[in-house]
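Inspection log for the structure reproduced underneath, given as C-alpha cells.
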Amino acid sequence: RLLKGRCGACRFRSICLGSYRARAEVVHGDPWAPDPACYLTDDEIGITPAAMELASTQPAVE
C-alpha cells in the first residue's frame, strides 16, 4: 500500500514507517492517510511539490 500525503513524501518514512497507522485511520478514516500526530515540519521532512508528486508513485515501506 502507498502512504498518502505528507507520510508518503517524507524522507524519514523508512525510519518511522508512517508511524501509527491506527491513529490515521481513526482521525481520517483511512489507515494510509498521513499521521495526524507527526510533529515534523514540511521543511524538516523535505516536502516539496515534486516530493508530493513522487510520493504518489512510490511504494510504501512495509
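We did not get these values from a lab; they are worked out from the coordinates using the rules stated. Because the structure is a prediction, the values reported are computed rather than measured. Here Cβ is always computed from backbone atoms with ideal geometry, including for glycine, and neighbour counts include all displayed protein chains.
Over the alpha-carbon set of the range 5-55, divide Rg by the Kirkwood Rh and report the Rg/Rh ratio to two decimals.
Checking Rg against Rh, the ratio lands at 0.95.
Distance between the pseudo-spin-label points of residue 25 and residue 39 (7 Å out from Cα toward the beta carbon): 2.6 nm.
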